[in-house]
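Heads up: the structure comes next, in C-alpha cells.
The values are calculated or read from the model by the stated rules, or taken from the named source; none is laboratory data. Model, not experiment: these values are computed from the prediction. Using ideal geometry, Cβ is built from the backbone for each residue, glycine included, and neighbour counts are taken over all protein chains shown.
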Amino acid sequence: MPFNSIFGWVIKKRIHQIDLFRKYPLEVQNELFTTLIQTAKDTEFGIKYNFNSIKNLSEFQSKVPLQDYEDVKVYVDRLIQGETNLLWPGETKWFAKSSGTTSDRSKFIPVTKESLEDCHYKGGKDLLALYYNNFPTANVYSGKHLVVGGSSQMNEAGSDSYFGDLSAIILKNLPWWAEIKRTPSKEIALMSDWESKIELMARQTMNEDVCILTGVPSWTLVLAHRILEITGKKNLKEVWPNLEMFMHGGVNFEPYRAEFKKIIPDEGMNYVESYNASEGIFGIQDLKSSNELLLMLDYGIFYEFIPMEYFDEIKSQVVLNLSQVELNKNYALVISTNGGLWRYIVGDTIRFTSLLPFRFTITGRTKSFINAFGEELIVENAERAIAIACTETNAQIKDYTAAPVYMRFLEDANKGQHEWLIEFISLPNDLELFQQKLDENLRLLNSDYDAKRSKDIALLGPKIVVAETGTFDAWLKSKNKLGGQHKVPRLSNNREIMEELASFMQLNPTN
C-alpha cells in the first residue's frame, strides 16, 4: 500500500473523536472544564482562587476574574525566570511572542508541553484528518509541505526558557512524521530577516515536489511571485504539478482569493482555513462547501463568551458559556487552557453560524473597529465589502487599513469620514467605482453605517488613498514585525496608525 494511502488511513482514525464533540459538545466541554480545574488546583493560581473548592462553572466564574495580558504578565515574568507551578503544573519552557498589531509592547504567551501536544500539534493533525475525510483521493503526503508563515529565531529568555513566534516553537518541536515532509530547511525557516528568507526559500523550494502550502496569505503570495519570477513559469502548477492544498489562517482570505486563483489556475486546488493563535487553535474548516470553522472542543481549551454589547463593561458578570450563545451575535472570546491561561480575553470576536455542531466565523478584534460616529463598523463588514469591490472592479489588494477622519479636519465640521489606505497588487479598472462599491456594500452589510451615511447626514463616503508598493512592509519593518503572522490592523478607532503610515508612503489621493 502506498505511503500516502497508509498515512490517510491512519490519520482519519481521529474522525470518530471529532464526531463525538460535534454531537455532544456540552458534555465534552463540561468534562474538560473539570479536568482543567483539577489539574491546576495545586498551582499558585489554583490555590489563590481556591480551585479545590470549585464544583461547577458558576463557582468558577464568581471566584476567578476575567484576565487580560496585564493580569497574566506578572506570572509570565516569573515563569520566564524559571519558576514553576504558577499557572500550570510543572515548568513552562516556551513562550510565544504575540504579534501585537497595535502595540510595540511584546506579549509572551506561555506554551506548555500539554498545550503544544494536545492543542497545536493535535490541530495540525486534525486539519489533515478532516482534509483526507473530505477528499478521499487526497495525495498531499506524497510530496513536500512548504511552511511559509510565522517563523523567527528562538531567543533565550531565562535560564532554560525560550521565546519566539509560535511557528518557531512548533518547528523546534515538530514530530518526526511532520518534519520529514517539511520544506525549506530549518536554517532558512528560522531566519529573522524576511527579505533574505523569501529569496532563499524561493530558490530552495522551487525544485521540490510541493503538495501543500501553509502560511499567511500575504507572505505566501510574496514567495509565490518571487518563484514565478525566478523560474519564468506562468503559474504555480507549472512549478509544482502536484500542488493541491493551501492551509491558511491569521487573516481573512477573501481579499486574496482572486490572486491565488490567478497564480494557481486549477479547479482542483483546495483552500482550508484554521483559526490558530498564540494561545491555541480554536477552529478548523471541516466542510468542503463552507468556510465556517468548527469549534474544536477537546484541545484543552474551555470557552466562554462576552456579548460585544457588554464588552465595554469588562470585568462584568455578563459572560456566557457554550450552552447560552445564540446565532449571528458578536462575541468576544474568553478561554481557560492547558497552557495556564484562566478566563483570558483573547481579543478576537466571533459569530456563531451553527449551534449543533458549533461552527463560527471570525468577525474581528475587540479593539479593531471604527465607531467614531456611531457606525459600529467591524472587520467582518470591511473584509466582505472590500472583497466584493475588488471582484467588481478587477482589483487585487495586498494590504489595507482604515481610520476615521474627524469632523474638525473636514470642510463640513458637522460630518465625519473614513479614510482607507490601500496597497493594491492590481489597481481597480475604475477607482471611483471601487470606492462606490465599497461604500454600497458597507451600507448593505451594516445598518448602523448605513444610517450614518444616509444623505451624508453624519458620515461622508469613504476616501480611498492608494499606497505605494511596500508601504505596509516598511511600516512593519520599522516595528520589527516584518514577516510571519504579524499583520496590519484593518480598522482603528483613532488615527495613530494611519498617521504613522503616512511617514512610510508616497500618497496618490484619489479624491
Would a scan of the range 179-193 turn up a residue that is outside any strand (DSSP E or B), modelled with pLDDT of 85 or more and within 22 Å of Lys487 (Cα to Cα)?
yes
Residues that are more than 22 Å from Gly46 (Cα to Cα), among the aromatic types (Phe, Trp, Tyr) and without any contact (Cβ under 8 Å) to a residue 24 or more places away in the chain: does the range 310-325 have at least one?
yes
Based on this model, can you work out whether Ile425 counts as under 20 Å from the mean Cα position of the chain (by Cα) and either modelled with pLDDT of 90 or more or under 22 Å from Ala502 (Cβ atoms) (or both)?
no
Can you tell me which residue within the range 56-85, out of those that are assigned to a helix (DSSP H, G or I) and hydrophobic (A, V, I, L, M, F, W, C), is nearest to Tyr162 (Cα to Cα)?
Ile80
Do we have any residue at all in the range 1-11 that's assigned by TED's automatic domain parsing to the domain that holds Asn321, at pLDDT below 95, within 25 Å of Arg359 (Cα to Cα) and surrounded by 13 or more Cβ atoms within 10 Å (Cβ to Cβ)?
yes
Can you go through Gly268, Gly280 and tell me which one is in the same structural domain as Asp68 (by TED's automatic domain parsing), small (Gly, Ala, Ser) and farther than 24 Å from Ile397 by Cβ?
Gly280
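Kindly evaluate Glu179 against the criterion of being over 30 Å from Arg490 (Cα atoms) and in the same structural domain as Lys288 (by TED's automatic domain parsing).
yes
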With respect to Ile109, determine if the residue is surrounded by 13 or more Cβ atoms within 10 Å (Cβ to Cβ), of a type outside the set (Phe, Trp, Tyr) and modelled with pLDDT of 90 or more.
yes
Please go through the range 50-61 and give me each residue that is surrounded by fewer than 20 Cβ atoms within 10 Å (Cβ to Cβ) and either touching a residue at least 12 places away in the same chain (Cβ under 8 Å) or in contact with a Gly (Cβ under 8 Å, 6 or more places away or on another chain) (or both), ordered by number.
Asn50, Asn52, Leu57, Gln61
Failed condition for Ala157, given (1) at pLDDT 85 or above; (2) more than 22 Å from the chain's Cα centre (by Cα), with all others met?
(1)
Here the residues within the range 357-390 that are part of a loop (DSSP other than H, G, I, E, B), polar (S, T, N, Q) and either modelled with pLDDT of 95 or more or closer than 23 Å to Leu476 by Cβ (or both) are Thr366
Thr469 meets each of (1) more than 27 Å from the chain's Cα centre (by Cα); (2) within 13 Å of Asp399 (Cα to Cα); (3) of a type in the set (Ser, Thr, Tyr) with one exception, condition (1)
Determine which single condition Ile335 fails, assuming it passes every other condition in (1) surrounded by fewer than 20 Cβ atoms within 10 Å (Cβ to Cβ); (2) within 21 Å of Lys63 (Cβ to Cβ).
(1)
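Looking only at the range 268-282, count every residue that is farther than 17 Å from Ser336 by Cβ and within 10 Å of the chain's Cα centre (by Cα) and tell me the total.
Looking only at the range 268-282, we keep the residues that are farther than 17 Å from Ser336 by Cβ, and these are 268-276.
Checking the rest, the ones that are also within 10 Å of the chain's Cα centre (by Cα) come to 273-276.
Summing the residues that are farther than 17 Å from Ser336 by Cβ and within 10 Å of the chain's Cα centre (by Cα) in the range 268-282 gives 4.
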Given the conditions (1) at pLDDT 95 or above; (2) more than 25 Å from Thr214 (Cα to Cα), and given that Glu91 satisfies all but one, which numbered condition is not satisfied?
(1)
Give the residues of the range 479-511 that are farther than 20 Å from Leu431 by Cβ and at pLDDT below 70, sorted by residue number.
Gly483, Gly484, Gln485, His486
Give the residues of the range 404-422 that are more than 25 Å from Glu392 (Cβ to Cβ), in contact with a strand residue (DSSP E or B) (Cβ under 9 Å, 6 or more places away or on another chain) and either at pLDDT 95 or above or outside any strand (DSSP E or B) (or both), sorted by residue number.
Tyr406, Met407, Phe409, Leu410, Lys415
Among (1) in a helix (DSSP H, G or I); (2) surrounded by 22 or more Cβ atoms within 10 Å (Cβ to Cβ), which single condition is Thr214 missing?
(1)
Is it fair to say Ile227 is of a type outside the set (Phe, Trp, Tyr) and part of a helix (DSSP H, G or I)?
yes
Kindly check whether there is at least one residue in the range 432-448 that is free of Cβ contacts under 8 Å to residues at least 60 places away in the same chain, farther than 30 Å from His225 by Cβ and among the hydrophobic types (A, V, I, L, M, F, W, C).
yes
Could you please let me know if Ala387 is in contact with a Pro (Cβ under 7 Å, 6 or more places away or on another chain), crowded, with 19+ Cβ neighbours inside 10 Å and of a type in the set (A, V, I, L, M)?
yes
Hits in the range 284-295 - residues which are under 18 Å from Thr363 (Cβ atoms) and touching a helix residue (DSSP H, G or I) at 6+ places or on another chain (Cβ under 9 Å)
Ile284, Gln285, Asn291, Leu294, Leu295
Only listed residue being modelled with pLDDT of 90 or more, over 29 Å from Ile350 (Cβ atoms) and outside the structural domain of Met308 (by TED's automatic domain parsing), chosen from Thr401, Thr393
Thr393
